[in-house]
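This is the structure I want to talk about, given as structure tokens.
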Amino acid sequence: MSETPRKAFVVAGSEATGGAGFQTDLRVFHTLGVYGCGTLTCIVAFDPANEWGHRFYPVDPEIIDAQMEAALADWGSDLDVCKVGMLGTPATIETVAERLSSHSWRHVVVDPVLICKGQEPGAALDTDNALRERILPLATVVTPNVFEAKVLSGMDEIETVEQLGEAAKRIGDLGVPYVVAKGGVELPGEDAVDVVWDGSELIETRRPKIGEHRVSGAGCSVAAAITAELAKGAEVIDAVNVARDLVTEGIRQRLVGSTPFDVVWQGAYSA
Ligand code: PXL
């Protein structure tokens with residue numbers, strides 16, 4: 001008989017093609033040997049008749065709350081590591097923040113998915129503010145990309161690794177113990193560089209860039225892999241290194257469908 005797996009919880013949206021969001025998170029957890037369970041906050045269904053634009057359908061806060069109640073009651077203190085992905089609306093954020101606060105977490109990994117195409121800009125601003133005020137204070141790890149790092153740090157420009165590091169420090173100053181800021185293909189150079197700020201030291205992690213285009217599901221996969229490794233007891237920096245290896249291999253073996261972007265294949269990774 002195999003060992004009982006560690007468990008991880010995720011609060012995220014469904015992206016119906018399977019390339020990002022909840023489906024990605026569960027695939028990463030499974031690939032890393034972790035039992036995943038979670039709560040759906042919204043459903044995103046790209047529109048093939050409209051350049052694959054986002055159609056966004058929030059889940060009723062009452063249903064979000066019921067899902068969280070069920071999972072947390074079932075697994076109790078066995079479930080002590082959580083990933084937060086796309087939330088989507090201020091009402092969702094309020095519900096999720098309340099329920100997360102009622103449980104004891106060793107780690108809460110927040111992927112600060114700020115905007116989703118197809119949402120009203122005004123609604124997105126409310127959502128950004130609610131995320132900053134209600135979810136970030138619960139985070140032990142936050143994983144912004146360059147765009148999100150600019151919004152969260154208030155910096156106008158992030159074009160170098162040094163600026164990315166400065167943004168990570170500023171986000172850390174908001175009270176998050178670990179900031180994993182991802183340069184990806186947005187910064188120049190042969191390598192995709194991430195920086196990890198732990199409140200005292202800035203550590204760079206580098207992997208060769210695979211192509212120059214963003215691949216769908218990369219951000220979700222990084223945060224999910226960090227979550228799974230933390231669930232297994234890893235230190236944050238070791239979890240980040242596994243996440244980077246998983247995503248690098250997943251991008252190397254990416255899948256090509258009909259959408260304008262390729263998708264990460266998480267199952268390509270083996271430890
Ligand atoms: O990759 C960001 C993301 C996260 N979660 C959901 C999404 C997307 C992008 O499309 O749809 C549900």
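The values are calculated or read from the model by the stated rules, or taken from the named source; none is laboratory data. Keep in mind that this is a model prediction, so the values were computed, not measured. So basically every Cβ, Gly included, is an ideal-geometry build from the backbone, and we count neighbours across all protein chains shown. Only protein heavy atoms, including side chains, enter the accessible area calculation; ligands, DNA and RNA are left aside. Shrake-Rupley method; radii C 1.70, N 1.55, O 1.52, S 1.80 Å.
Quick check on segment 44-53. Is at least one of its residues open to solvent by 60 Å² or more (accessible area, probe 1.4 Å), of a type in the set (D, E), out of contact with any Ser or Thr (no Cβ under 6 Å at 6 or more places or on another chain) and more than 16 Å from the ligand (Cβ to nearest atom)?
No, because not a single residue in segment 44-53 is open to solvent by 60 Å² or more (accessible area, probe 1.4 Å), of a type in the set (D, E), out of contact with any Ser or Thr (no Cβ under 6 Å at 6 or more places or on another chain) and more than 16 Å from the ligand (Cβ to nearest atom).
When S77 is evaluated against the numbered criteria (1) open to solvent by 50 Å² or more (accessible area, probe 1.4 Å); (2) modelled with pLDDT under 95; (3) among the hydroxyl-bearing types (S, T, Y), which criterion, by number, is the only one it fails?
(2)
State which residue pairs qualify: first residue under 11 Å from A223 (Cβ atoms) and inside segment 23-34, second residue assigned to a loop (DSSP other than H, G, I, E, B) in any location, beta carbons under 8 Å apart, and separation of 6 or more residues or different chains.
From segment 23-34, the pairs are T24/G18; T24/G217; T24/V264; D25/G85.
Which of the residues that make up segment 13-30 are closer than 20 Å to R244 by Cα and crowded, with 21+ Cβ neighbours inside 10 Å?
Matches in segment 13-30: G19, A20, G21, F22, T24, D25, R27, V28, F29.
Sticking with this one: Please tell me if R214 is in a strand (DSSP E or B) and of a type outside the set (F, W, Y).
no
While we're on this one: Return the pair list, or none, for Cβ contacts closer than 6 Å from residues in segment 62-73 that are part of a helix (DSSP H, G or I) to residues that are hydrophobic (A, V, I, L, M, F, W, C), at least 6 apart or on different chains.
A71/C37
Output the residues belonging to segment 241-267 that are over 17 Å from T24 (Cα atoms) and surrounded by 15 or more Cβ atoms within 10 Å (Cβ to Cβ).
N241
Now, a different point. Restricting attention to segment 81-100, which residues are closer than 20 Å to L26 by Cβ and either within 12 Å of the ligand (Cβ to nearest atom) or touching a residue at least 40 places away in the same chain (Cβ under 8 Å) (or both)?
V81, C82, K83, V84, G85, M86, L87, G88, T92, V96, L100, listed by residue number.
Also, I was wondering about something else. Identify the single condition in (1) surrounded by 20 or more Cβ atoms within 10 Å (Cβ to Cβ); (2) under 20 Å from D25 (Cα atoms); (3) modelled with pLDDT of 95 or more that V176 does not satisfy, given that it satisfies every other one.
Here V176 clears every test but (2).
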